[in-house]
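Down below is the structure, laid out as structure tokens.
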Amino acid sequence: MHSTSRRLPVLAALLLTFGIASPPTRAEALTSFDFPAQPLIDSLRALARQTSLNVFFEPKLVAGRNAPAVKGQVSTEEALKELLKDSGLTFRHVDDKTFTIVVAGADDEASFKVNEVVVTGSRIHGANSTSPLHVLGRVDIDRTGYSQVGDVIRSLPENFSGGQNPGVLGADSGNLANQNGSNASTVNLRGLGSDATLVLLNGHRLAGDTFFQGSDISGIPLGAIQRIEIVPDGASALYGADAVAGVVNFVLRQDFSGVETGARIGSATQGGGTEQTYSALGGISRERWHALLNFEYSKQDEINASQRDFTAQAPPNETLLHPQERRSLFLNAGANLTDGIRASFDALLSDRKSDSVGQITTATSTTLESVDTPAYSAAASVDFDLPGTWKLHVTGVASGSHNNSRLRIPASNYASTVRYRNDVKYGEATADGDLFELPTGALKVALGGGYRNEGYRNGQPADVANGSFYESSRDVSYIYGEAIVPLVRVSDARIGLQELELSLAARTEHYSDFGSSTNPKIGLRYVPIPTLALRGTWGKSFKAPSFSQTSQPAMLYLYPAVWLGYPGAGNAMVTWGGNPDLRPETSKSRTIGADFTPAFAESAKLSVTYFHIDYTDRVIQPISNLATGLSNPLYVPFVRMSPSAAEQQALVAAAPTFLNSTTSPYDPADVVAVLQDKYANATSQNVSGVDVSYRQTLSLSQSQLDLFANGSWLKFDQRSISTAPSSRLSGTIFNPPGFKARGGVTWRRGDFSATGTINYIASEDDTNVLPSGHIASWTTLDASVSYDLSRAQGFARGLRLALSGSNLFDRDPPASAQVPYFTGLNFDSTNSSIIGRFISASVVKSW
């Protein structure tokens with residue numbers, strides 16, 4: 001266990017390095033703009049890229065309008081005013097990073113409400129989130145220098161890179177959920193598991209992947225993303241199951257007119273891992289309709305153990321980084337059917353292929369695995385403007401992931417194919433608006449409900465004879481409601497109590513396979529002074545048991561009891577497999593936070609959030625180490641000694657498959673114990689910590705500095721079974737780090753920009769050895785430079801060039817003791833990367 005006080009200097013150094021400077025004031029926070037006279041939509045996109053702000057508008061509002069030239073050092077608001085001059089449009093603030101373009105004139109307030117956006121964390125248009133909200137805009141994504149959405153997510157301090165992710169090696173020796181099952185990329189907020197974070201695409205649920213059923217995000221084309229919204233707070237009251245650790249919403253681009261092509265090529269300087277990505281984006285935006293199509297192709301070569309010095313003892317052909325080939329196609333279209341009815345459709349199709357070579361030790365056989373994962377997501381929506389401020393949103397969604405894994409062992413001529421199929425289909429309707437006027441302001445509410453069908457298949461019907469085929473489905477019906485209650489009327493003149501509002505939400509879901517669950521959430525937002533907002537939340541969340549946990553065929557094994565730690569003669573039975581009587585996993589979460597924008601530096605924003613999650617009834621196979629099942633007192637609640645012949649017969653009758661691994665026929669008189677190792681609600685977890693984030697823009701004489709830093713302290717305790725003491729997981733090998741931070745600075749001058757980013761992961765305890773060893777901290781440096789030729793003449797017009805490098809000092813993963821059962825893997829693959837220095841170049845051309 002590591003003291004938080006030892007990590008404080010790291011974040012302090014980041015904040016001092018990129019410190020909150022007192023100048024400039026709001027009047028001095030200027031940006032150097034140089035926009036030619038051009039279509040308004042192009043100028044708005046250029047302004048969003050240059051300022052790192054979100055600028056929202058309906059395509060029909062800006063279609064066909066031109067913007068005047070803007071040149072010189074002016075504030076962002078002054079630039080917007082100039083661009084919108086004589087257009088009949090104006091802008092409004094949604095939050096400190098977001099503007100919305102609206103119609104100027106007789107009813108500005110109504111026009112503003114029509115264009116307010118729904119941000120993840122609320123179902124109400126224009127609502128302030130009481131939960132912590134981390135937004136990565138298009139500029140933030142470009143500055144990372146990454147080409148895959150999984151790399152962007154894994155870099156975030158609040159996310160753990162373990163779970164179901166590329167590059168995870170040998171980590172399942174301590175946690176079955178830690179493995180690279182299909183080379184998928186998943187979100188793993190707080191390290192609670194890839195299946196405990198709800199993933200949305202344009203606000204719609206994505207299906208799970210393989211038998212762990214966390215959503216694979218690798219098929220989402222990075223170039224098509226407009227922004228990523230992360231809510232690291234329990235959210236089942238708004239979004240239903242799986243949102244225990246939070247919600248991540250990938251919002252893809254819609255407001256694009258023209259053609260954009262791009263290419264990126266890069267490679268690791270130590271060898272292997274060569275990557276190439278090609279994309280094409282085309283869009284049309286007219287007054288009453290718009291359409292967009294994006295295609296992306298990516299190929300990444302493997303990295304083998306022979307290509308890295310720190311894995312010299314591993315089998316040389318062992319694949320450290322799986323090769324992968326991916327294709328994705330995204331389509332979005334929308335139209336105004338009438339002045340008050342809008343329809344939209346979006347679809348994402350992707351296919352991911354990966355091959356790998358596995359060899360645990362040089363003495364074991366080589367396995368060859370090939371994985372193919374086609375996936376899809378499609379959603380159709382209709383929005384209605386109702387009387388007053390009310391809106392109705394109706395949507396239908398279908399999403400699926402079909403995983404095919406082929407395994408071969410050439411030495412034994414063994415071959416097998418495993419197929420997983422996950423599907424989700426649902427329809428949903430939400431209405432929101434002002435219910436009535438209170439003395440303190442309008443009571444805003446959202447009411448909705450829907451029906452969802454989830455399906456899962458393992459294997460093919462032909463496999464039913466050997467017990468490896470099963471399929472299941474469930475129906476879910478649900479209703480939910482949310483209300484924003486202003487407790488005092490908003491007033492800029494009332495120092496100490498300018499705003500105070502209460503957020504209330506609740507959702508009830510009925511599952512066809514395990515009953516109902518109701519989850520509430522309460523939030524409070526308090527603004528004492530214009531520069532400070534305080535917020536807090538309390539809520540409950542839940543996660544339904546996965547299909548593999550409930551529907552997997554039950555198995556019964558007979559082993560020599562000595563294999564299970566028994567000191568005498570005899571045999572023992574072990575139950576294994578699914579449990580249809582599982583309860584849902586539940587959690588209680590709370591957050592307390594503050595967002596500060598100091599008056600002496602209004603371009604700066606400092607956010608601090610404390611979070612706490614109590615996660616109970618987690619589903620596990622309780623006897624994690626069968627070799628000590630009859631010798632470890634922790635497993636006593638799951639062991640039945642001296643079972644009667646009738647009890648044994650009942651187990652044999654209930655199990656479709658009974659496997660005798662002893663050398664003699666089954667005899668009830670020889671059985672000394674029964675070990676219950678099928679899935680059970682047996683684990684609890686307690687997660688708490690602090691997130692800190694900082695952003696600021698400094699205007700220099702002819703350039704601009706953008707400073708940013710994020711850090712997350714985490715304390716993660718787990719009680720494996722009810723009889724075991726609580727143990728600390730955070731800061732130990734193959735578990736979330738106790739502290740993770742990322743900070744950097746971007747320098748911009750004209751069309752040139754350069755970004756440097758420091759990534760830090762705190763030291764760990766190596767619990768694979770006794771006494772525990774030490775794993776050093778890991779610090780890496782990333783950098784990228786770009787040059788925008790969008791305003792050049794001739795062929796260079798619309799050209800953007802970039803050069804990026806990650807882990808520039810080529811830091812190898814910190815050394816650990818050898819991973820159990822895996823020769824030559826002496827590092828924590830969940831908190832470090834085997835890639836080393838990676839250099840890439842990219843070019844984007846707008847036509």
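The values are calculated or read from the model by the stated rules, or taken from the named source; none is laboratory data. Only a predicted model underlies this, so the values are computations on that prediction, with no experimental measurement involved. Because the Cβ atoms are built from the backbone with ideal geometry, glycine has one as well, and the counts that use them run over all protein chains shown. For accessibility, only protein heavy atoms count, side chains too; no ligands or nucleic acids. Shrake-Rupley method; radii C 1.70, N 1.55, O 1.52, S 1.80 Å.
Working only within segment 154-195, note down all residues that are hydrophobic (A, V, I, L, M, F, W, C) and either within 11 Å of the chain's Cα centre (by Cα) or buried (at least 24 other Cβ atoms within 10 Å of the Cβ) (or both). Quick ask: steps written out before the conclusion?
Initial filter on segment 154-195 (hydrophobic (A, V, I, L, M, F, W, C)): 156, 160, 168-169, 171, 176-177, 184, 187, 189, 192.
L156, F160, L169, A171, A184, V187, L189, L192, listed by residue number.
Being more than 24 Å from T277 (Cα to Cα), open to solvent by less than 60 Å² (accessible area, probe 1.4 Å) and touching a Ser or Thr at 6+ places or on another chain (Cβ under 8 Å) is the requirement here; does G824 meet it?
Taking the combined requirement at face value, the residue satisfies it.
Quick check: anything in segment 224-231 open to solvent by 10 Å² or more (accessible area, probe 1.4 Å), in contact with a helix residue (DSSP H, G or I) (Cβ under 7 Å, 6 or more places away or on another chain), in a loop (DSSP other than H, G, I, E, B) and not β-branched (V, I, T)?
no
So which of G272, G203, G240 is on the phi > 0 side of the Ramachandran plot and either in contact with a His (Cβ under 6 Å, 6 or more places away or on another chain) or free of Cβ contacts under 8 Å to residues at least 60 places away in the same chain (or both)?
G272
Conditions tested, residue by residue: (1) outside any loop (DSSP other than H, G, I, E, B); (2) out of contact with any Lys or Arg (no Cβ under 7 Å at 6 or more places or on another chain); (3) under 21 Å from W538 (Cα atoms); (4) β-branched (V, I, T).
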| position | (1), (2), (3), (4) |
| --- | --- |
| D172 | yes, yes, no, no |
| S182 | no, yes, no, no |
| S185 | no, yes, no, no |
| F211 | no, yes, no, no |
| I220 | no, yes, no, yes |
| L238 | yes, no, yes, no |
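Looking at (1) under 29 Å from the mean Cα position of the chain (by Cα); (2) surrounded by fewer than 19 Cβ atoms within 10 Å (Cβ to Cβ), which is the only condition L582 fails?
Every condition holds for L582 apart from (2).
Residues are listed down the side, and each one gets a yes or a no for (1) in contact with a Pro (Cβ under 8 Å, 6 or more places away or on another chain); (2) charged (D, E, K, R); (3) at positive phi:
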site: G246; (1), (2), (3): yes, no, yes
site: F250; (1), (2), (3): no, no, no
site: D255; (1), (2), (3): yes, yes, no
site: S298; (1), (2), (3): no, no, no
site: L321; (1), (2), (3): yes, no, no
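Looking only at strands (runs of 3 or more DSSP E) that lie completely in segment 508-626, which have at least 1 residues being in contact (Cβ under 8 Å) with a residue 60 or more places away in the chain and aromatic (F, W, Y)?
Because the criterion is at least 1 residues that are in contact (Cβ under 8 Å) with a residue 60 or more places away in the chain and aromatic (F, W, Y), the strands (runs of 3 or more DSSP E) in segment 508-626 that meet it are 532-543, 555-560, 571-576, 585-596, 605-620.
Suppose the filter is in contact with a Lys or Arg (Cβ under 7 Å, 6 or more places away or on another chain) and either surrounded by fewer than 23 Cβ atoms within 10 Å (Cβ to Cβ) or part of a loop (DSSP other than H, G, I, E, B) (or both); does N735 pass it?
Details: in contact with a Lys or Arg (Cβ under 7 Å, 6 or more places away or on another chain): no; either surrounded by fewer than 23 Cβ atoms within 10 Å (Cβ to Cβ) or part of a loop (DSSP other than H, G, I, E, B) (or both): yes.
The answer is no for N735.
Does segment 421-435 include one or more residues that are polar (S, T, N, Q) and open to solvent by 70 Å² or more (accessible area, probe 1.4 Å)?
Taking segment 421-435 first, the residues polar (S, T, N, Q) are 422, 430.
Filter once more, so that each one left must be open to solvent by 70 Å² or more (accessible area, probe 1.4 Å): none.
No; the residues of segment 421-435 include none that is polar (S, T, N, Q) and open to solvent by 70 Å² or more (accessible area, probe 1.4 Å).
Could you pull out the residue among G262, G258 that is modelled with pLDDT of 90 or more and either over 17 Å from the mean Cα position of the chain (by Cα) or open to solvent by less than 10 Å² (accessible area, probe 1.4 Å) (or both)?
Details: G258 fails: modelled with pLDDT of 90 or more.
From the options G262, G258, the qualifying one is G262.
So W576 fits all but one of (1) hydrophobic (A, V, I, L, M, F, W, C); (2) out of contact with any helix residue (DSSP H, G or I) (no Cβ under 9 Å at 6 or more places or on another chain); (3) open to solvent by 10 Å² or more (accessible area, probe 1.4 Å); (4) within 30 Å of S693 (Cα to Cα); what number is the exception?
Single failed check for W576: (4).
May I ask you to verify whether V652 is in a helix (DSSP H, G or I), hydrophobic (A, V, I, L, M, F, W, C), under 40 Å from the mean Cα position of the chain (by Cα) and more than 30 Å from T130 (Cβ to Cβ)?
The answer is no for V652.
Quick grid of which residues meet (1) buried (at least 22 other Cβ atoms within 10 Å of the Cβ); (2) part of a loop (DSSP other than H, G, I, E, B); (3) not polar (S, T, N, Q):
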| position | (1), (2), (3) |
| --- | --- |
| Y297 | no, no, yes |
| S306 | no, no, no |
| Q313 | no, yes, no |
| R326 | no, no, yes |
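Yes or no, residue by residue, for (1) aromatic (F, W, Y); (2) at pLDDT 95 or above; (3) closer than 22 Å to Y760 by Cα:
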position: S122; (1), (2), (3): no, no, no
position: A127; (1), (2), (3): no, no, no
position: I141; (1), (2), (3): no, no, yes
position: Y146; (1), (2), (3): yes, no, yes
position: P157; (1), (2), (3): no, yes, yes
position: G162; (1), (2), (3): no, no, yes
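Is one or more of the residues making up segment 661-670 surrounded by 15 or more Cβ atoms within 10 Å (Cβ to Cβ) and hydrophobic (A, V, I, L, M, F, W, C)? Step through it out loud before you land on a result.
Restricting attention to segment 661-670, the residues satisfying the condition of being surrounded by 15 or more Cβ atoms within 10 Å (Cβ to Cβ) are 662, 668, 670.
Now narrow it down to the ones that are hydrophobic (A, V, I, L, M, F, W, C): none.
No.
Identify, from the list S491, S517, S503, the residue that is over 30 Å from G455 (Cβ atoms), touching an Asp or Glu at 6+ places or on another chain (Cβ under 9 Å) and surrounded by 15 or more Cβ atoms within 10 Å (Cβ to Cβ). Give the derivation first.
On the way: S491 fails: surrounded by 15 or more Cβ atoms within 10 Å (Cβ to Cβ); S517 fails: over 30 Å from G455 (Cβ atoms).
So the residue among S491, S517, S503 that is over 30 Å from G455 (Cβ atoms), touching an Asp or Glu at 6+ places or on another chain (Cβ under 9 Å) and surrounded by 15 or more Cβ atoms within 10 Å (Cβ to Cβ) is S503.
Enumerate the pairs (first residue in segment 659-687 and closer than 30 Å to K543 by Cα and in contact (Cβ under 8 Å) with a residue 60 or more places away in the chain; second residue anywhere and assigned to a loop (DSSP other than H, G, I, E, B) and basic (K, R)) with beta-carbon separation below 7 Å, excluding pairs fewer than 6 apart on the same chain, so at least 6 apart or on different chains.
So the pair list comes out as N681/R583; V687/R190.
What are the residues in segment 803-847 that are small (G, A, S), in contact with a Gly (Cβ under 8 Å, 6 or more places away or on another chain) and assigned to a strand (DSSP E or B), if any?
Selection gives S804, G805, S806, S840, A841, S842, S846.
Got a sec? Which of V488, V445, V476, V527 is of a type outside the set (S, T, Y) and closer than 30 Å to P656 by Cα?
V476
Taking segment 741-784, which residues are buried (at least 18 other Cβ atoms within 10 Å of the Cβ), part of a loop (DSSP other than H, G, I, E, B) and of a type in the set (V, I, T)?
Once the filter is applied, which keeps residues that are buried (at least 18 other Cβ atoms within 10 Å of the Cβ), part of a loop (DSSP other than H, G, I, E, B) and of a type in the set (V, I, T), segment 741-784 yields only T767.
Can you name the residue in segment 121-144 that is touching a Phe, Trp or Tyr at 6+ places or on another chain (Cβ under 9 Å) and part of a loop (DSSP other than H, G, I, E, B) and, of all such residues, is surrounded by the most Cβ atoms within 10 Å (Cβ to Cβ)?
Ranking the qualifying residues of segment 121-144, first place goes to P132.
Go through segment 146-205 and give me each residue that's of a type in the set (V, I, T) and closer than 30 Å to R123 by Cβ.
V149, V152, I153, T186, V187, T197, V199
Filter segment 685-717 down to residues that are among the hydroxyl-bearing types (S, T, Y), modelled with pLDDT of 95 or more and surrounded by fewer than 22 Cβ atoms within 10 Å (Cβ to Cβ), then give me how many there are.
2
What is the residue count in segment 340-350 for residues that are acidic (D, E) and free of Cβ contacts under 8 Å to residues at least 40 places away in the same chain?
The qualifying residues number 0.
Give me a count of the residues in segment 444-461 that are under 17 Å from A127 (Cβ atoms) and open to solvent by 20 Å² or more (accessible area, probe 1.4 Å).
Qualifying residue count for the region: 2.
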